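The values are calculated or read from the model by the stated rules, or taken from the named source; none is laboratory data. A quick note: this is a predicted structure, and the numbers were derived from the prediction, not measured. Every residue, glycine among them, receives a Cβ derived from its backbone with ideal geometry; neighbour counts consider all protein chains shown. Note: accessible area is taken over every heavy atom of the protein model, side chains too, but ligands, DNA and RNA are not part of it. Shrake-Rupley method; radii C 1.70, N 1.55, O 1.52, S 1.80 Å.
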Amino acid sequence: MSQVTTQPSINQIWEWLDAVPDPEIPVISLVDLGIIRDVAWEGETLVVTVTPTYSGCPATDVISEDVTSAVRAVEPGARVEVVLSPAWTTDWILPSAHEKMREHGIAPPEQASADRAFLTGEGKIIPCPRCGSRDTKMVSAFGSTACKAHFTCTSCLEPFDHFKCF
């Protein structure tokens, strides 16, 4: 007698992936960050498509390994594909991730489109994620990762990272 196996639903797989934290901002998941682009069955093979935040992101290998581990735990033949086009944008970050960033002292992207000033923080007012003050200043165009700029709040005197728009 043959054993009938059923494939997990796409929704179930998305739920599994939503539990995989971003290696650089572990308070948000890879799904929250919008880098899990697609989940699909190609015949009997589960394929998860990932687009890193930028093509040179040093966490790309770790992200691929974490996604592979998460899905292969239940689907041994699963495959992760890294796709660079179209390029990831901060527009893909889920609104719930913006709130999680603020709760953990990271100022989320402020606008839906990138510009040079927003990438560097020059000439932009970035509200403090801790006290909400708009009296902040950029300390460095690069924070704890290349995706973030480092700021300080002149009201509460707390340092914070700002996730750049791109």
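Kindly indicate whether any position in the stretch 47-63 is touching a Cys at 6+ places or on another chain (Cβ under 7 Å) and either open to solvent by 10 Å² or more (accessible area, probe 1.4 Å) or modelled with pLDDT under 95 (or both). Taking every residue of the stretch 47-63 in turn, at least one turns out to be touching a Cys at 6+ places or on another chain (Cβ under 7 Å) and either open to solvent by 10 Å² or more (accessible area, probe 1.4 Å) or modelled with pLDDT under 95 (or both).
Matching residues to (1) part of a loop (DSSP other than H, G, I, E, B); (2) of a type outside the set (A, V, I, L, M, F, W, C); (3) farther than 25 Å from HIS98 by Cβ:
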| position | (1), (2), (3) |
| --- | --- |
| GLN12 | no, yes, yes |
| ALA19 | yes, no, no |
| VAL27 | yes, no, no |
| VAL39 | no, no, no |
| THR49 | no, yes, no |
| VAL62 | no, no, no |
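For the stretch 21-41, a residue qualifies if it is hydrophobic (A, V, I, L, M, F, W, C) and crowded, with 18+ Cβ neighbours inside 10 Å, and the qualifying residues are ILE25, ILE28, LEU30, VAL31, LEU33, ILE35, ILE36, VAL39. Looking only at residues of the stretch 74-86 that are assigned to a loop (DSSP other than H, G, I, E, B) and either under 13 Å from the mean Cα position of the chain (by Cα) or β-branched (Val, Ile, Thr) (or both), we find that the one that is modelled with the lowest pLDDT is VAL74.
Please go through the stretch 64-73 and give me each residue that is part of a helix (DSSP H, G or I), more than 16 Å from the chain's Cα centre (by Cα) and not polar (S, T, N, Q), ordered by number.
First pass over the stretch 64-73, keeping only residues part of a helix (DSSP H, G or I): 64-72.
Narrowing the set further to residues that are more than 16 Å from the chain's Cα centre (by Cα) leaves 68-72.
Hits for the stretch 64-73 are ALA70, VAL71, ARG72.
Pairs meeting the criteria (first residue in the stretch 8-24 and charged (D, E, K, R), second residue outside any helix (DSSP H, G or I), beta carbons under 7 Å, at least 6 apart or on different chains) are ASP18/SER29; ASP22/ILE28; ASP22/SER29; GLU24/ALA59; GLU24/THR145.
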